[in-house]
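A short worksheet on the structure shown next.
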């Protein structure tokens with residue numbers, strides 16, 4: 001029985017395990033139908049031309065999370081930003097771990113999707129926002145059908161989330177192979193501000209497939225900073241679907257740091273629904289071995305006077321593959337749009353591959369839109385300069401690569417997180433340099 | 001009253017096709033429809049040898065199995081391939097030795113187009129092989145070329161006279177099964193041009209061919225094959241204008257270029273098929289497959305000015321097979337009213353130290369859609385490959401669209417690729433700057449559009465640059481002074 005059949009046939013059993021209200025039930029039933037019809041994407045689809053899920057889908061995944069698996073905090077301490085006070089929402093094998101988490105209901109709601117889908121007091125928010133912007137494609141529908149657990153963050157009007165929020169998903173490998181489908185909903189109302197750090201971490205060598213969907217609603221003048229750290233081990237694959245809807249004058253930024261994992265696919269979608277919006281999409285990808293990362297971004301401009309900035313840097317070694325597929329759509333009403341897209345890549349090996357497809361679809365005349373894409377190598381002169389001054393080859397290369405990715409790192413607004421990412425980069429490049437000179 | 005962009009738009013909308021006329025020449029036309037018998041009949045009509053008929057049939061069988069491509073960013077009513085006549089030749093076809101013998105009506109057609117043979121003959125160094133509805137009716141300067149050993153004739157003639165060259169090269173760059181339209185063309189091509197430049201010869205003049213679609217309801221399927229032998233050079237020009245027709249006309253050409261070691265081919269196109277009227281009725285469907293193959297040290301340069309056709313689907317490509325080979329693509333695509341263009345190039349880097357340059361300029365006005373679609377592929381053996389791409393789009397009015405779909409695939413760490421694309425409109429500040437200096441708005445727009453296209457216009461041979469500028473003027477009249 002292939003994975004699709006297995007998922008479809010276990011849907012009823014899944015529905016019976018939980019009681020939810022009728023609206024969500026209807027959404028789920030509709031979604032499983034959509035998934036049954038569309039299935040998993042194949043390379044024949046233009047958006048999946050460069051990424052094949054075949055090797056990932058062949059495993060016999062267990063679909064339902066079992067009982068809570070306990071993990072000692074000391075074993076996983078290193079995956080937290082411990083030098084920073086944060087709210088934490090921690091999941092182990094898809095189950096909420098109350099003893100590792102720190103949630104709140106004071107002024108803001110930082111809690112669980114399962115509660116939000118069940119209790120009446122969240123009803124209005126769920127009715128208004130749940131599954132409203134998620135695309136009806138196969139993978140997202142699959143997640144919707146099985147949506148049960150995840151992070152629920154609600155920031156009411158005029159509130160500043162007093163500390164950043166960490167969302168961490170662990171998989172322990174107590175099952176042979178595991179499929180996780182977290183579903184997150186983040187609603188930030190007018191004039192509010194929140195910073196969120198998301199991480200998926202596998203603690204096992206068993207295959208893990210995560211199909212995550214996050215919907216983010218950013219109301220007028222609100223600010224959202226979202227950081228995704230993808231530094232998983234070689235058997236973990238991630239399909240991350242993020243949908244962001246922005247209202248007038250809001251600012252939303254998503255930083256994606258893709259350093260690990262087997263196959264990682266980031267579907268990042270921004271929908272602008274007002275004037276004066278700024279959308280920022282940044283990414284640093286550093287890969288080796290047979291890793292594969294596919295960034296698929298969409299920025300849809302529908303109103304005048306908005307901006308979007310995309311900056312994706314990639315460094316690819318050994319047999320790794322990098323894909324960038326960025327699309328900017330400017331509707332004809334969206335005059336005075338400024339949309340920029342840049343994708344720079346360094347290839348370090350003849351076996352590594354880069355496929356880049358930066359696209360513009362523009363229907364308005366008074367716009368400034370540009371995209372750029374480069375593929376190149378490290379500058380031999382710069383390397384020679386450093387080596388002649390006593391810097392080792394590895395370190396010199398690492399310094400150049402760090403400098404290459406630096407302008408994306410500069411825009412990280414949490415200093416502790418920046419240090420952590422610097423350390424991850426140093427480790428990934430195999431050098432012992434602090435970088436935070 | 002000051003001339004504004006709105007006025008310009010209005011003018012563009014009301015602008016009718018200037019070259020819309022129909023020459024009344026009796027034609028020898030086949031019944032509509034396509035089947036094996038028609039393919040055989042075309043082949044027989046052209047007195048082709050058995051191997052050519054077989055080659056056509058192979059293509060026809062492949063075509064039957066294929067489906068029309070859907071991926072291009074264009075919308076149109078699919079042509080009914082059983083409702084087209086696949087062969088049409090001007091009836092009176094004696095071989096002319098001098099221009100006086102040519103049917104006066106034909107001459108008149110050319111005069112209306114502003115490219116009369118007289119004028120052409122006077123323009124030094126231009127030999128013209130005119131294709132009027134598929135069959136070559138006049139060839140000039142042939143003798144001068146023959147002295148150098150250059151073969152420049154219609155492809156049907158080449159099949160008779162030089163079968164060894166045709167056998168060796170036809171379908172070698174664009175195989176019969178390459179794509180839907182290439183297969184169709186391979187099965188039914190009626191005529192086209194053939195050119196062979198021998199080793200070490202520098203072709204002393206620009207070779208040019210004018211294609212026209214004349215007979216209502218006949219699709220035209222030309223086949224062009226240009227072979228530049230080792231160390232040779234040729235500059236080949238192709239220009240098209242088509243009379244006004246109401247129903248859509250299909251045009252599916254195939255152009256194959258082969259540049260052997262150290263050879264250089266420069267292929268320039270000015271395309272001005274009938275784009276349809278202001279309501280989007282009629283117009284030519286232009287589905288063209290153009291591809292060149294570069295051996296060691298060879299260079300192929302495509303230059304195109306695309307102003308016509310209701311639908312354009314065209315990707316002149318270079319396969320950089322030999323080491324140190326160079327591919328270039330310079331393009332201006334202008335769309336107006338309801339025109340749709342999906343055009344670009346493919347640069348396939350296979351050899352070491354190969355270089356490619358892509359400069360594409362798109363200008364959209366009215367309700368048109370203009371897309372650039374390009375592929376740059378660096379294979380793992382292509383060490384030190386270099387590519388530079390630049391795609392700029394200019395939008396006039398907010399009902400048109402400009403799209404960019406570049407595909408960049410690199411598999412070698414020494415590859416250096418740069419891709420850049422911008423979209424903008426003519427800035428108010430730019431116009432203001434000109435106005436301030438006593439240049440009226442119309443002239444200012446002309447200045448800016450000309451400047452925008454200059455990089456490509458400069459690449460055209462002199463004779464063509466004149467015509468290209470004229471076409472830009474016609475396509476965007478009111479804006480280009």
**Request:** Would you please name the residue that is nearest to the chain's Cα centre (by Cα), looking only at residues in the stretch A:105-118 that are surrounded by fewer than 18 Cβ atoms within 10 Å (Cβ to Cβ) and under 18 Å from residue A:181 (Cβ atoms)?
**Result:** A:115
**Condition met for residue A:352 (more than 8 Å from chain B (Cβ to nearest Cβ) and either buried (at least 21 other Cβ atoms within 10 Å of the Cβ) or touching a residue at least 24 places away in the same chain (Cβ under 8 Å) (or both))** = no
**Prompt:** Taking residue B:442, is it touching a residue at least 40 places away in the same chain (Cβ under 8 Å), closer than 30 Å to residue A:345 by Cβ and away from chain A (no Cβ under 14 Å)?
**Reply:** no
**Prompt:** Which one of these is surrounded by fewer than 23 Cβ atoms within 10 Å (Cβ to Cβ), within 14 Å of chain B (Cβ to nearest Cβ) and at positive phi: A:361, A:318?
**Reply:** A:318
**Prompt:** Going through the stretch A:299-314 one residue at a time, which ones are more than 18 Å from residue A:344 (Cβ to Cβ) and surrounded by fewer than 21 Cβ atoms within 10 Å (Cβ to Cβ)?
**Reply:** A:300, A:302, A:303, A:304, A:305, A:307
**Fill in**
Residue pairs within 8 Å by beta carbon, gap of at least six or interchain, first lying in the stretch B:395-408 and more than 7 Å from chain A (Cβ to nearest Cβ), second assigned to a strand (DSSP E or B), listed first then second, are B:400/B:335; B:400/B:364; B:400/B:369; B:400/B:370
**Prompt:** Could we say that residue B:383 is within 27 Å of residue A:294 (Cα to Cα) and either facing chain A (nearest Cβ under 8 Å) or in contact with a helix residue (DSSP H, G or I) (Cβ under 7 Å, 6 or more places away or on another chain) (or both) here?
**Reply:** no
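Matching residues to (1) surrounded by fewer than 17 Cβ atoms within 10 Å (Cβ to Cβ); (2) under 29 Å from residue B:289 (Cα atoms); (3) modelled with pLDDT of 75 or more:
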{"position": "B:62", "(1), (2), (3)": "no, yes, yes"}
{"position": "B:74", "(1), (2), (3)": "no, yes, yes"}
{"position": "B:82", "(1), (2), (3)": "yes, yes, yes"}
{"position": "B:87", "(1), (2), (3)": "no, yes, no"}
{"position": "B:113", "(1), (2), (3)": "no, yes, no"}
**Complete:** With the first residue restricted to the stretch B:59-81 and required to be within 14 Å of another protein chain (Cβ to nearest Cβ), and the second required to be in a loop (DSSP other than H, G, I, E, B) and surrounded by 11 or more Cβ atoms within 10 Å (Cβ to Cβ), Cβ contacts under 8 Å at 6 or more apart or on different chains are B:69/B:179
**Request:** Given the conditions (1) in a helix (DSSP H, G or I); (2) free of Cβ contacts under 8 Å to residues at least 40 places away in the same chain; (3) touching a strand residue (DSSP E or B) at 6+ places or on another chain (Cβ under 9 Å), report the number of the one that residue A:121 does not fulfil.
**Result:** (3)
**Item:** Among the residues listed as A:121, A:95, A:78, the single one being surrounded by fewer than 11 Cβ atoms within 10 Å (Cβ to Cβ) and over 16 Å from residue A:155 (Cα atoms)
**Value:** A:78
**Item:** Residues (assigned to a strand (DSSP E or B) and buried (at least 24 other Cβ atoms within 10 Å of the Cβ)) located in the stretch A:269-283
**Value:** A:270, A:272, A:279, A:281, A:283
**Prompt:** Of the residues in the stretch B:424-462, how many are farther than 18 Å from residue A:366 by Cβ and not in a helix (DSSP H, G or I)?
**Reply:** 8
**Asked** Residue check, residue B:402 against (1) crowded, with 24+ Cβ neighbours inside 10 Å; (2) touching a helix residue (DSSP H, G or I) at 6+ places or on another chain (Cβ under 8 Å), all met but one. Which one?
**Response** (2)
**Asked** Does residue B:51 count as more than 26 Å from the chain's Cα centre (by Cα) and surrounded by 11 or more Cβ atoms within 10 Å (Cβ to Cβ)?
**Response** yes
**Message:** Within the stretch B:142-242, considering only strands (runs of 3 or more DSSP E) that don't extend past its boundaries, which have at least 3 residues that are modelled with pLDDT of 80 or more and in contact with a strand residue (DSSP E or B) (Cβ under 7 Å, 6 or more places away or on another chain)?
**Reply:** B:151-154, B:193-197, B:223-228, B:233-241
**Item:** Matching residues in the stretch B:409-439 - criterion: being under 32 Å from the mean Cα position of the chain (by Cα) and away from every other protein chain (no Cβ under 14 Å)
**Value:** none
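Quick grid of which residues meet (1) away from chain B (no Cβ under 13 Å); (2) modelled with pLDDT under 90:
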{"site": "A:336", "(1), (2)": "no, yes"}
{"site": "A:367", "(1), (2)": "no, yes"}
{"site": "A:376", "(1), (2)": "no, yes"}
{"site": "A:379", "(1), (2)": "no, yes"}
{"site": "A:385", "(1), (2)": "yes, no"}
{"site": "A:404", "(1), (2)": "yes, yes"}
{"site": "A:418", "(1), (2)": "yes, yes"}
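The values are calculated or read from the model by the stated rules, or taken from the named source; none is laboratory data. Given the structure is predicted, the values throughout are model-derived calculations rather than measurements. So basically every Cβ, Gly included, is an ideal-geometry build from the backbone, and we count neighbours across all protein chains shown.
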